[in-house]
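Written below as structure tokens is the structure these notes are about.
The values are calculated or read from the model by the stated rules, or taken from the named source; none is laboratory data. Everything numeric here is computed off the predicted structure, so don't read it as measured data. Here the Cβ is made from the backbone with ideal geometry for all residues, glycine too, and neighbour counts use every protein chain on show. SASA here: full protein model, heavy atoms, side chains in, ligands and nucleic acids out. Shrake-Rupley method; radii C 1.70, N 1.55, O 1.52, S 1.80 Å.
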Amino acid sequence: MASLYSLCLSKQQLFGILLIITFFSSSSAKRCYKSIISFGDSLADTGNWVILLQQNKPTPAFPPFGGTYFHRPTGRCCDGRLIVDFFGTESLKLQSTQKLGLPLVPPYFRDANCSNCRKFQKGVNFAVVGATALDNAYLARKGIINELTNVSLGVQLGLLKTLLPSLCSSSSGKYLQMLLFLPNNQKWTIVFNYMEQTGQEFINSCNEFLNNSLILMGEIGGNEFNLAFVQGISSEVIGGLVPEVIKAISAAIEELIELGAMTFVVPGTIPLGCLPVLLTRFRTSNKQAYDRYGCLIWLNDFAHYYNEYLKKELESMRRLHPRINIIYADYYQASMPLYLSPRSFGFKSTLTACCGGEGPYNVNVTLSCGDPGTKSCDDPSSYVNWDGAHFTDEAHRVISNGLLDGSCTIP
């Protein structure tokens, strides 16, 4: 498989976007991407959840979160950086003489009133802890209750639509507003029939903005299943959710394509059976339920099933849109080396949370990392897992390497 680090050669050679997310010199006439737009849940949230809960701040707003890299809490569910953070910072490291790359992607809700929306032109993150691909009302009808947030993928997409006029360099925003909220598939034709030249220029500028943006579609969709597992939802209902979740993701991609987006990175889910929080919740004396690395087989089998379904859907979308770059980011395969050969990466603990309560996995279901009574390990870089549900900064770095070098991406 081709290397992300070596492919910033042309627009069609997609993965260079993660390497030098900017323009080459004018003499080369080779263009790379200038913005990152991120959707998702806690695996991608760079601070939105904490901002939304200002009146009752959740634990990621407090130490020891953020202590490893930022030396302060940032709202990330980690001791440091997330995978999305490495997409820009790694390009800076590799191209240090040219100082290329993008800044860390800021959370949208830091300036939801758009007092200075244009600062989002180099990136904006809509991901929120607890977010789902399906909306909460739909999940409730299936018996699944999400009390963390109602900012589903559809809501996040709507926020981008609202923000987009402020990111396009034109004075005729009213035309884009007309375009975005027309309910039928003829929106482009209808608007074009009544559009003045300035409106056309505005649409073109918005197309160009999205065309030059890398769209990270998550990770999103995992919370539907985590909630369903923990809440005891039947396997039939959970199985039926898989195509619905993937349909929601593909529908969001289709809508963004209509708006001009050209490049998508779509992550699969991680090895659920290796998460300390789920190992604690579904702990069993049946040794046959675990693989030789200590992960629950049935949960990892489900993750594999979901990922295969997602890969097939993305392949179908590539055939439908041959000029659109739709990349599957295999978070599962990129994560597995952490469990298969942890010492080769410097990890001493794979299934025990660095920060948490008591028990064999250092997870207490009544206490979260950062709550009084919990404790944090001395060296998070030697742990794969941070708080029972999320990876550490060092684990994210290793996973990102597998994505950036092309070994865990399709195509």
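Can you name the number of the only condition in (1) of a type in the set (Ser, Thr, Tyr); (2) under 30 Å from ALA251 (Cα atoms); (3) surrounded by fewer than 16 Cβ atoms within 10 Å (Cβ to Cβ) that SER341 fails?
Of everything listed in (1) of a type in the set (Ser, Thr, Tyr); (2) under 30 Å from ALA251 (Cα atoms); (3) surrounded by fewer than 16 Cβ atoms within 10 Å (Cβ to Cβ), SER341 misses just condition (2).
So if I check each of LYS34, LYS57, which one is in contact (Cβ under 8 Å) with a residue 60 or more places away in the chain, open to solvent by 10 Å² or more (accessible area, probe 1.4 Å) and of a type in the set (Lys, Arg)?
Values: LYS57 fails: in contact (Cβ under 8 Å) with a residue 60 or more places away in the chain.
Of the residues listed, the single one that is in contact (Cβ under 8 Å) with a residue 60 or more places away in the chain, open to solvent by 10 Å² or more (accessible area, probe 1.4 Å) and of a type in the set (Lys, Arg) is LYS34.
Just to be sure, is GLY359 over 18 Å from PRO64 (Cα atoms), open to solvent by less than 60 Å² (accessible area, probe 1.4 Å) and part of a loop (DSSP other than H, G, I, E, B)? Break it down into steps so the answer makes sense when it comes.
Numbers: over 18 Å from PRO64 (Cα atoms): yes; open to solvent by less than 60 Å² (accessible area, probe 1.4 Å): yes; part of a loop (DSSP other than H, G, I, E, B): yes.
Answer is yes for this residue.
For the range 224-246, give me each residue that is of a type in the set (D, E, K, R), open to solvent by 10 Å² or more (accessible area, probe 1.4 Å) and in contact (Cβ under 8 Å) with a residue 12 or more places away in the chain.
Our first condition is that a residue be of a type in the set (D, E, K, R); within the range 224-246, this holds for 224, 236, 244.
Narrowing the set further to residues that are open to solvent by 10 Å² or more (accessible area, probe 1.4 Å) leaves 236, 244.
Matches in the range 224-246: GLU244 only.
Of the conditions (1) among the polar types (S, T, N, Q); (2) closer than 26 Å to GLU224 by Cβ; (3) at pLDDT 95 or above; (4) open to solvent by less than 80 Å² (accessible area, probe 1.4 Å), ASN364 satisfies every one except a single condition; which number is it?
It is condition (3) that ASN364 fails.
Residue by residue through the range 71-96, note down the ones that are surrounded by fewer than 18 Cβ atoms within 10 Å (Cβ to Cβ) and modelled with pLDDT of 95 or more.
Hits for the range 71-96 are HIS71, ARG72.
Given the criteria closer than 26 Å to LEU259 by Cα, modelled with pLDDT of 95 or more, in contact with a strand residue (DSSP E or B) (Cβ under 7 Å, 6 or more places away or on another chain) and hydrophobic (A, V, I, L, M, F, W, C), does PHE126 qualify?
On the way: closer than 26 Å to LEU259 by Cα: yes; modelled with pLDDT of 95 or more: yes; in contact with a strand residue (DSSP E or B) (Cβ under 7 Å, 6 or more places away or on another chain): yes; hydrophobic (A, V, I, L, M, F, W, C): yes.
Here the answer is yes, as PHE126 does meet what is asked.
Yes/no per residue for (1) over 25 Å from the mean Cα position of the chain (by Cα); (2) within 30 Å of ILE246 (Cα to Cα); (3) without any contact (Cβ under 8 Å) to a residue 60 or more places away in the chain:
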position: ILE327; (1), (2), (3): no, yes, no
position: MET336; (1), (2), (3): no, yes, no
position: GLY346; (1), (2), (3): yes, no, yes
position: CYS355; (1), (2), (3): no, no, no
position: ASP371; (1), (2), (3): yes, no, no
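Just to be sure, is ASN286 on the phi < 0 side of the Ramachandran plot and out of contact with any helix residue (DSSP H, G or I) (no Cβ under 9 Å at 6 or more places or on another chain)? Quick ask: steps written out before the conclusion?
On the way: on the phi < 0 side of the Ramachandran plot: yes; out of contact with any helix residue (DSSP H, G or I) (no Cβ under 9 Å at 6 or more places or on another chain): yes.
Criteria met by ASN286.
Of all residues being part of a helix (DSSP H, G or I) and β-branched (Val, Ile, Thr) in the range 256-299, which is nearest to THR409 (Cα to Cα)? Just the residue, please. Please lay out each step first, then the result.
Looking only at the range 256-299, we keep the residues that are part of a helix (DSSP H, G or I), and these are 256-259, 272-274, 276-281, 287-289, 297-299.
Within this subset, residues satisfying the condition of being β-branched (Val, Ile, Thr) are 257, 277, 280, 297.
Working: ILE257: 21, VAL277: 27, THR280: 31, ILE297: 24 Å.
This residue is ILE257.
Pairs, please: C-beta under 7 Å, at least 6 apart or cross-chain, first residue on the phi > 0 side of the Ramachandran plot and in the range 63-76, second among the charged types (D, E, K, R)?
Cβ pairs passing all conditions: GLY66/ARG72; GLY66/ARG76; GLY66/ASP79; GLY75/ASP45.
Among the residues that make up the range 346-356, is at least one of them outside any loop (DSSP other than H, G, I, E, B), at pLDDT 95 or above and basic (Lys, Arg)?
no
Any idea which residue in the range 145-163 is farthest from ASN56 (Cα to Cα), counting only those that are buried (at least 21 other Cβ atoms within 10 Å of the Cβ) and of a type in the set (A, V, I, L, M)?
By that ranking, first place goes to LEU160.
Please verify whether SER376 is over 21 Å from GLY294 (Cβ atoms), of a type in the set (Gly, Ala, Ser) and touching a strand residue (DSSP E or B) at 6+ places or on another chain (Cβ under 9 Å), treating the condition exactly as stated. Reasoning before the result, please.
Numbers: over 21 Å from GLY294 (Cβ atoms): yes; of a type in the set (Gly, Ala, Ser): yes; touching a strand residue (DSSP E or B) at 6+ places or on another chain (Cβ under 9 Å): yes.
Yes: the conditions hold for SER376.
Just checking, does the range 278-291 include any residue being closer than 28 Å to PHE87 by Cβ and in contact (Cβ under 8 Å) with a residue 12 or more places away in the chain? Quick ask: steps written out before the conclusion?
From the range 278-291, those closer than 28 Å to PHE87 by Cβ are 278; that's our starting set.
Remaining after also requiring in contact (Cβ under 8 Å) with a residue 12 or more places away in the chain: 278.
Looking for residues that are closer than 28 Å to PHE87 by Cβ and in contact (Cβ under 8 Å) with a residue 12 or more places away in the chain, one finds at least one in the range 278-291, hence yes.
Please verify whether the range 300-315 includes one or more residues that are modelled with pLDDT of 95 or more, surrounded by fewer than 20 Cβ atoms within 10 Å (Cβ to Cβ), basic (Lys, Arg) and not in a helix (DSSP H, G or I).
no
Please go through the range 49-79 and pick out each residue that is over 18 Å from PRO106 (Cα atoms) and of a type outside the set (Gly, Ala, Ser). Before you say what the answer is, go through the steps one by one.
At the first step, the residues of the range 49-79 found to be over 18 Å from PRO106 (Cα atoms) are 55-59, 62-64, 67-68.
Selection gives GLN55, ASN56, LYS57, PRO58, THR59, PHE62, PRO63, PRO64, THR68.
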